[in-house]
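These notes are about the structure you will find just below.
The values are calculated or read from the model by the stated rules, or taken from the named source; none is laboratory data. It should be emphasised that the depicted structure is a prediction, and the values quoted were computed from it without experimental measurement. When we count neighbours, we look across all protein chains shown, and the Cβ atoms used for this are built from the backbone with ideal geometry, even at glycine. Heavy atoms of the whole protein, side chains included, go into the accessibility calculation; ligands, DNA and RNA do not. Shrake-Rupley method; radii C 1.70, N 1.55, O 1.52, S 1.80 Å.
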Amino acid sequence: MELKQLTEKLLEKFNIENISELKNKLLNICLSNDVSIYDWYVDLIENDLETDYLQKIFQYYEADRKEKMQDYTPKNLSKLISELTKTEHEKWVYDCCSGSGALTIQKWAKNNILSFVCEELDKNVIPFLLFNLAVRNINAYVVNKNILTNEIFKIYELKPNCKYSLVKEIEKDYELPKCDTTISNPPYNIPFATNDKSIYKFGIPPKGNANYGFIQIALNKSTGKSALILPNGVLSTNVAEEKSIRENLIKSGLIESVIMCPDCMFEATTIPVCIYLLNKNKKDTGIELISTENLCTEEIRLQNGQYGGNSHTNRVYEKKINIFTDEQIKEIVSLINNKDTKKNQSVYISLEELQKQDYNLVPKRYITIETEEYRRTYKDILNDLNRVIRQRNICKCTINESLAKSIGLDVDLYKKEKENSKIIIDNLKDLLKSLGVSENIEKSDYISFSKNKNEFKFENNSKEDLSHILIMIFAQWKSMIYFLNLEENRYLNELRDVLLPDLMSGKIDVESIMV
């Protein structure tokens, strides 16, 4: 069912004018166990309970991509996570940062007797998650919680009934069951903060990035397998704390496989991702490293422009998405299970080899290309070239030329490189045109120098995508602002303490000041 059609049906059924009112309606339905609405919804989606239709609604209208980094998991990635974590005796599954429940739904679709503990920070998505689980008659606990600080806000219990789960709120100190498996697509590169450091046995992540915090939370919650979707940066980061944690995880023998996914797997972000597959029952320290750029299929989808602007109703554009088909998912899983090695796809690496490479987990560093010549098409190469240029251009820096020089930026070099790049690209265009290649090369536009005194700004240079670089800058800015706010409060308190005795003694004439 298309997003627009689904939205209209929900607005009409619940007699609401704005989709932002939907979350309250869904929560009331779940807590009152309204079977008639569940029946209506199942009929509406033609009994397709393997698809998270509500995810489309929340992601388009309600998701917070700036602060909470909410980019929800595509169905095909959820299917892959389900297959990767499948074990014979699993009963309870922990979904870390569960969103609307896309990962849980695919795990349940493969084995509908599984039970779940779903933890999620955003209270706005909790009603969508509860409804998704209840309408599928799933046995679960839904916890509205800050996973990094362990602060619990609410817990809901879902018990299977005749057709749909019965939902009720329970005490916040309720002891949740231990889980066999963890699945997770946590928010990427958000600041790390915790009051409980006991679970971070492999090292404390840096304050600016919680990626390796989520990995350790996943390990702490399960007795068997854990699979997390994470940004590719975790595989090779040289940030001291993260590099140390990665080394410790590798030496522990807990990492079963690392799967580097193709670009453009998400509809709302271009961030390239990988999958960390961990296994507490693994017997060796070797790791299967898999690159899937040749194990995917491209889809072209029609999309509306960004919600909240004119492009929402006035613009429809094509977006290319990479997906894994069911057959490709089976092939990826078989590479892990058989410790297989296939040209340009996978390699099984020993701890000794990983040590030689400074514990870098990027698959392409290890995959050997056989001697037979392999040449990609001009179109494929140009697509990759333009993708990189676009990603760089999204974050536009404008800076005063003198200021740039004073902070160590080689302005003349940047200007020279820009001129040389234009000459090279113009020559390439002529060469490609002579070969009948019609694809263009994107113009580089990521930095400009101004004469405005002390001008220094970063801006998002795209209406469709949000710069990953800006997100990281914002995280550091938030941390610094938090520190400065604390400092401000400290000095205000000190000033108050100094003023108070003078006020009490009459040394300061308050009335004259007020006049």
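Here are some notes:
- Square roots of five times the Cα gyration tensor eigenvalues for region 137-254, Å: 30, 15, 13
- Potential lengthening between Lys207 and Asn400 on full extension [0.36 nm per residue; Cα-Cα distance subtracted]: 66.4 nm
- The order of Cys296, Cys118 by accessible area, most exposed first and with a 1.4 Å probe, is Cys296, Cys118.
- Hydrodynamic analysis of the chain uses the Kirkwood radius over alpha carbon pairs. Inserted into Stokes-Einstein at 20 °C and 1.002 mPa s, it gives a translational diffusion coefficient of 83 µm²/s.
- With a threshold of 26 Å on the Cα-Cα distance, the over-threshold entries among Lys201/Lys280; Lys91/Lys330; Lys86/Lys159; Lys23/Lys330 are Lys23/Lys330.
- Taking 0.36 nm per residue of separation and subtracting the current Cα-Cα distance, fully stretching the chain between Ile441 and Ser421 would add 6.1 nm.
- Take the chain with all the other protein chains still there, run a 1.4 Å probe, and you get 53 Å² of accessible area per residue.
- Neighbours of Glu247 by Cβ distance under 15 Å: Lys/Arg scored +1, Asp/Glu scored -1, total 0.
- Solvent exposure ordering (accessible area, 1.4 Å, most first) of Met472, Met504, Met260: Met504, Met472, Met260
- Normalised contact order of the chain, rounded percent, pairs of Cα under 8 Å and 6 or more residues apart: 10
- Legend: residue pairs Lys415/Lys478; Lys56/Lys145; Lys422/Lys478; Lys416/Lys478; Lys25/Lys463, Cα-Cα distance threshold 30 Å; pairs beyond threshold, Lys415/Lys478; Lys422/Lys478; Lys416/Lys478; Lys25/Lys463.
- Summing charges over neighbours of Leu277, with a neighbour being any other residue whose Cβ is under 9 Å away from its Cβ, gives -1 when K and R count +1 and D and E count -1.
- Residues whose amide H comes within less than 5 Å of that of Phe192, counting only those at least five positions distant or on another chain, are Gly208, Asn209, Ala210 (H built at 1.01 Å from N in the peptide plane).
- Counted charge near Phe202, where neighbours are those whose Cβ lies closer than 14 Å (Asp, Glu -1; Lys, Arg +1): +3
- Given charges at Cβ of Lys, Arg, Asp, Glu: the chain dipole, positive-most of Val35, Ala102, Leu403: Leu403
- Per-residue surface analysis assigns Ser448 an accessible area of about 40 Å², computed on protein heavy atoms at 1.4 Å probe radius.
- Expressed to the nearest 5 percent, the antiparallel share of DSSP beta bridges inside the chain is 60 percent.
- Cα shape, region 1-52, gyration tensor, a/c 1.5 rule: oblate
- Region 433-513 pair-distance distribution - Cα-Cα, 10 Å bins, rounded %: 12, 19, 20, 16, 15, 10, 4, 3, 2
- Over the chain, DSSP H runs of length four or greater, each weighted -39,500 (n - 2.57), average out per residue to a 222 nm ellipticity of -12500 deg cm²/dmol.
- For Asp326, the accessible surface of its heavy atoms amounts to roughly 90 Å² (probe 1.4 Å, protein chains only, rounded to the nearest 10).
- Estimated at the nearest 10 Å², the accessible area of Cys30 is 0 Å² with a 1.4 Å probe.
- Net lengthening on full extension, Glu494/Asn281 (0.36 nm per residue, minus Cα-Cα): 71.1 nm
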